[in-house]
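One structure is given here, and the rest of the page talks about it.
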Amino acid sequence: MGNPVSLFLYTGVLFMNEPVKVLTIAGSDSGGAAGLQADLKTWAALGMYGMSVVSVVTAQNSMAVTAVHPLPLDFVAAELDAVLTDYGAAAVKTGFLGRVDLIQTIAAKLSLYQLCNIVIDPVLVNHKGQAMFSPEVTQAYIDHLLPLADLITPNRREAELLTGLSVQSVMEMETAVIHLHAFGPKYVLLKGGRDGDELVDLFYDGTAVTQFRSPRIDTINTHGSGDTLSAAVCAFLAQGMGMETAVYKAHQFTHQAIQRAASWQLGHGHGPVAPYKPQH
Ligand code: PXL
């Protein structure tokens, strides 16, 4: 172990035993279904070291979000600095942000720390498709965060707010991905299309559109499915996969997470997905 070569090999082995680090910048869901809780559960299931910079704290359950408490801007900046000056991250995702100044600060920090594998989930609407924030927030995503993204993961309603287009049919989704890509992300995953009994997500790499189809599962327990999907993409990117493979595998992972919890009744409403193998 004494000479420099064996020392190098030895440290190499130590590094290989370490988990890959991933960071979410997101809201806390007290009900544990969405937000940073969904991200961390997904990452634990995939064997990653998950970290969370909290943007807002929500009081919510399976029926409603009853209160939202934004954390002060300086505090979120301090969380980011703490994590990124020490641990760093092989991939990062953003979730519930909801404020222009916060979006600007996060964009500046992502650039400052030269992060790669950036997944931006532009959270703009609640699960009923209603806009949660002012139009300035949508514009701040366009101006500051989308250009930095490797992947953006809007749903159809968020795509409508971002592009100003109608995004209902699969054909309209095909037009929308091109407009979304023009905002600057390297890849676009537009979620939530319907074609008969199938769910259709569109993936666009700037050249070709790929459809990811899955049979629709008849359940109201889809709370956290969007977060699970983007967190899983983030994990697979951090593990070194290419974008299309990462999206394909994340799609399968999320389908399984919905299937596992489809018949559960954990709360009284729109229940969580299960991005892990539960012990009954
Ligand atoms: O899935 C969107 C989302 C993400 N994170 C938190 C949320 C929501 C939707 O309400 O509350 C904390």
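The values are calculated or read from the model by the stated rules, or taken from the named source; none is laboratory data. The structure presented is a predicted model; accordingly, all values stated were derived computationally and were not measured. Counting neighbours? That spans all protein chains shown, and the Cβs are built from the backbone with ideal geometry, glycine included.
General remarks:
- The residue list THR175, THR254 contains one member that is away from the ligand (no atom under 16 Å from the Cβ) and over 17 Å from VAL92 (Cβ atoms), which is THR175.
- Some residue of segment 32-44 being among the β-branched types (Val, Ile, Thr), within 15 Å of the ligand (Cβ to nearest atom) and within 16 Å of the chain's Cα centre (by Cα): yes
- Residue satisfying condition, being in a strand (DSSP E or B) and either surrounded by fewer than 19 Cβ atoms within 10 Å (Cβ to Cβ) or among the aliphatic types (A, V, I, L, M) (or both), within set MET63, MET51: MET51
- The residue of segment 113-126 that is farthest from the ligand (Cβ to nearest atom), among those that are surrounded by fewer than 15 Cβ atoms within 10 Å (Cβ to Cβ) and in contact (Cβ under 8 Å) with a residue 24 or more places away in the chain, is CYS116.
- Selection within segment 224-250 - more than 16 Å from the ligand (Cβ to nearest atom) and either hydrophobic (A, V, I, L, M, F, W, C) or closer than 25 Å to VAL125 by Cα (or both): ALA235, PHE236, LEU237, ALA238, MET241, MET243, ALA246, VAL247, TYR248
- Flag for VAL100 being closer than 21 Å to THR153 by Cα and within 16 Å of the ligand (Cβ to nearest atom): no
- Hits in segment 237-277 - residues which are of a type in the set (A, V, I, L, M, F, W, C) and under 18 Å from THR219 (Cα atoms): PHE253, ALA257, ILE258, ALA261, ALA262, TRP264, LEU266, VAL273, ALA274
- Residue identified as more than 11 Å from the ligand (Cβ to nearest atom) and at pLDDT 95 or above among LEU14, LEU73, LEU7: LEU73
- Flag for ASP205 being surrounded by fewer than 22 Cβ atoms within 10 Å (Cβ to Cβ), under 20 Å from the mean Cα position of the chain (by Cα) and touching a residue at least 40 places away in the same chain (Cβ under 8 Å): no
- Just one of the listed residues (THR254, THR207) is at pLDDT 95 or above, of a type outside the set (A, V, I, L, M, F, W, C) and assigned to a loop (DSSP other than H, G, I, E, B), namely THR207.
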